[in-house]
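What follows is a short report on a single structure.
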Amino acid sequence: MTSLKEKIKIDQNKVKIFIGSTVITLVIGSLIWAGTRKNAYSVKVNDKVVAVVKTQEEVSNAYEQVVAQLKQELGVDIAVKEQLELEPVHSKKSELKDSQALMSAIEEAISYNVEAYEILVDGEGYAIVANQEDAKSVLEQVAKSCIPKVGELTLSQEQVSKEEQNGQKENEEQAQLEDLEGQASDTQIVEIEDALPQDEVSTVVHVESFNVKQETSSKQEGQKIKRSVESLDFNEEVVIRNVYVEEDSILTVDAAKEKLLTPETEGMEYTLVEGDNVWDIAMQYGTTVERIMELNPDIQDETTMQIGQVIKLESPTPILSITTVEEATYKQLVPAEIQYVVFSHLYEGQTQVYQEGRDGLNEITVAVTKVNGQEVSRESISEKVLLEPVIKVIGYGVKKKPTVDNSVVSSGKGSFIHPLNGAGRVSSTYGSRWGRFHKGIDFAASAGTPIYASAGGKVIYSGYNSGGYGKLIIIEHSNGYQTYYAHCSKLYANVGDSIAKGQRIAGVGSTGDSTGNHLHFEIRKNGTPVNPSKYL
């Protein structure tokens, strides 16, 4: 039986063993904790560790210096594409990066976009240039090229409301927050203001002013025309905004200008209506008859196209255009009317001037709307009579000739060519018709058939004549001769144009007092109609 003294001794040994074990456990635990505690931060870019540092401040400072140096070297603002992530880790002192090594690691790991300026037309981006001054220079040059005049053009800019932009930015920031919430709670994002893109700023560009001479002399129109620009601006909404892009997407001023001046080709379908012809359609849509035929191989003959037929077209559409409204004042010839009366003493085919006539002259003021220098509409403002026209009265004979007149006349046979180049047919001849005198020859032909100048000369009238001729062109030739081309569908020559023999000047139509598509053709000698058949 164990004595009390021995029992006390055994218990003391157990206490010593317990205390020893506890001490050993605490020492081992301390060593393990010291070896695994998180005493540093790993720097990650795209989930790849690029450096290990002691403190967060080291990363922020190094990041700021890297961005500042890049901006200074490039001379523009930048926006870093990646995010720097910090994650607490355990690290040995030997593994930590110093500030210089940290900056090099960050610069090597990140990529960035540079700030530039984008030109948008009707909401679509077309060109990106280095700065706002380049963007404005591009638009000034494009605008001037759209206006074929000499002058100084000034642009103005109006900043767009930021409400929509701010809403978009808030959505982006919300999406970033949601992404961060999905990351591990001990991961931190290093973010500095200088590495983020600046707020988007958009400005709408207008043409503020364009100084031109108020009075110009036009050789083409043969007279002095007073013009004043009432309004002028881009036909589309033009916006400049700052963006952040790759450097290689930035264009030079010349390249951006060329891009904006290159028309886009738009495919479309067109349904033929009454009065249409392939020549007018080609001119209207800026293409050629040959191209229309290529796009429509089922058309065998352009002269047999039918109303309601659908054809394919390609129309070049300018990216950027300028609309101008000009007020123009000019003088317009008013062709004198001719009245025919029967002279009983004259034989058939003979005429005699009873009263000399005189052309009138009006002063016209119109508002002319042009797009890229091409007239698209014209509105009359005022009309002042400067000289009243005087009717020319001509007597013609109805007396039957007793014998055939074989006298030789100097008619200039062959000095004028057929105005339709042989097309069409004669539907009415010169002379007495339906109890009245017909002053020319009518050539029936399909609408749009080209009309050619019968002889070379100068256009003295091109417009709509309310006296029955409809759309009319008058060409003045040498030796007192004039030719009249009436009832046209389209007019391609303007007042003052010098026209060569055989040059296309109009298209056959049925305007004015006309019962069908035909050309009414007259030759006048010193203002008096003569028989065209003696000259063709």
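Per-residue answers, yes or no, for (1) within 27 Å of Glu247 (Cα to Cα); (2) among the aliphatic types (A, V, I, L, M):
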site	(1), (2)
Lys54	no, no
Ala62	yes, yes
Val66	yes, yes
Glu73	yes, no
Val76	yes, yes
Gln83	yes, no
Leu86	no, yes
Ser94	no, no
Lys97	no, no
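Ser415: in contact with a His (Cβ under 6 Å, 6 or more places away or on another chain), part of a loop (DSSP other than H, G, I, E, B) and touching a residue at least 12 places away in the same chain (Cβ under 8 Å), yes or no? Quick ask: steps written out before the conclusion?
On the way: in contact with a His (Cβ under 6 Å, 6 or more places away or on another chain): no; part of a loop (DSSP other than H, G, I, E, B): yes; touching a residue at least 12 places away in the same chain (Cβ under 8 Å): yes.
No, not satisfied.
Is it true that Ser498 is in the same structural domain as Ile417 (by TED's automatic domain parsing), within 32 Å of the chain's Cα centre (by Cα), within 21 Å of Met283 (Cβ to Cβ) and among the hydroxyl-bearing types (Ser, Thr, Tyr)?
Working: in the same structural domain as Ile417 (by TED's automatic domain parsing): yes; within 32 Å of the chain's Cα centre (by Cα): yes; within 21 Å of Met283 (Cβ to Cβ): yes; among the hydroxyl-bearing types (Ser, Thr, Tyr): yes.
The answer is yes for Ser498.
On the given criteria, is Ile451 farther than 26 Å from Pro389 by Cα and either under 39 Å from the mean Cα position of the chain (by Cα) or modelled with pLDDT under 90 (or both)? Quick ask: steps written out before the conclusion?
Values: farther than 26 Å from Pro389 by Cα: yes; either under 39 Å from the mean Cα position of the chain (by Cα) or modelled with pLDDT under 90 (or both): yes.
Yes; evaluated as a whole, the condition is true for this residue.
Each row is one residue, and each column tells you yes or no for (1) crowded, with 17+ Cβ neighbours inside 10 Å; (2) of a type outside the set (A, V, I, L, M, F, W, C); (3) outside any strand (DSSP E or B).
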| position | (1), (2), (3) |
| --- | --- |
| Phe437 | yes, no, no |
| Ser446 | no, yes, yes |
| Ile451 | yes, no, no |
| Tyr461 | yes, yes, no |
| Gly467 | no, yes, yes |
| Lys471 | yes, yes, no |
| Tyr485 | yes, yes, no |
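Is it the case, given these coordinates, that Gly75 is within 48 Å of the chain's Cα centre (by Cα), more than 16 Å from Glu107 (Cα to Cα) and either exposed (fewer than 10 other Cβ atoms within 10 Å of the Cβ) or modelled with pLDDT of 95 or more (or both)? Before you say what the answer is, go through the steps one by one.
Numbers: within 48 Å of the chain's Cα centre (by Cα): yes; more than 16 Å from Glu107 (Cα to Cα): yes; either exposed (fewer than 10 other Cβ atoms within 10 Å of the Cβ) or modelled with pLDDT of 95 or more (or both): yes.
Spelling it out, Gly75 is indeed within 48 Å of the chain's Cα centre (by Cα), more than 16 Å from Glu107 (Cα to Cα) and either exposed (fewer than 10 other Cβ atoms within 10 Å of the Cβ) or modelled with pLDDT of 95 or more (or both).
What are the residues in the stretch 117-150 that are more than 14 Å from Ser249 (Cβ to Cβ) and in a loop (DSSP other than H, G, I, E, B), if any?
Asp122, Gly123, Asn131, Cys146, Ile147, Pro148, Lys149, Val150
For Ala367, only one of the following conditions fails: (1) more than 30 Å from Val239 (Cβ to Cβ); (2) modelled with pLDDT of 90 or more; (3) surrounded by 15 or more Cβ atoms within 10 Å (Cβ to Cβ). What is its number?
The one condition Ala367 does not meet is (1).
Out of the strands (runs of 3 or more DSSP E) lying entirely within the stretch 280-385, which hold 2 or more residues that are in contact with a Gly (Cβ under 6 Å, 6 or more places away or on another chain), over 30 Å from Glu124 (Cα atoms) and outside the structural domain of Lys534 (by TED's automatic domain parsing)?
Numbers: elements: 310-317, 322-334, 338-347, 351-355, 360-371.
In the stretch 280-385, the matching strands (runs of 3 or more DSSP E) lie at 338-347, 351-355.
Here is a check on your reading of the model: is Val390 at pLDDT below 85 and either surrounded by 14 or more Cβ atoms within 10 Å (Cβ to Cβ) or hydrophobic (A, V, I, L, M, F, W, C) (or both)? Quick ask: steps written out before the conclusion?
On the way: at pLDDT below 85: no; either surrounded by 14 or more Cβ atoms within 10 Å (Cβ to Cβ) or hydrophobic (A, V, I, L, M, F, W, C) (or both): yes.
Considered against the rule, which asks whether it is at pLDDT below 85 and either surrounded by 14 or more Cβ atoms within 10 Å (Cβ to Cβ) or hydrophobic (A, V, I, L, M, F, W, C) (or both), Val390 comes out as no.
If you scan the stretch 282-298, which residues turn out to be under 16 Å from Thr271 (Cα atoms) and buried (at least 16 other Cβ atoms within 10 Å of the Cβ)?
Once the filter is applied, which keeps residues that are under 16 Å from Thr271 (Cα atoms) and buried (at least 16 other Cβ atoms within 10 Å of the Cβ), the stretch 282-298 yields Ala282, Tyr285, Ile292, Met293, Asn296.
The values are calculated or read from the model by the stated rules, or taken from the named source; none is laboratory data. These numbers come from a predicted model, not from an experiment. Because the Cβ atoms are built from the backbone with ideal geometry, glycine has one as well, and the counts that use them run over all protein chains shown.
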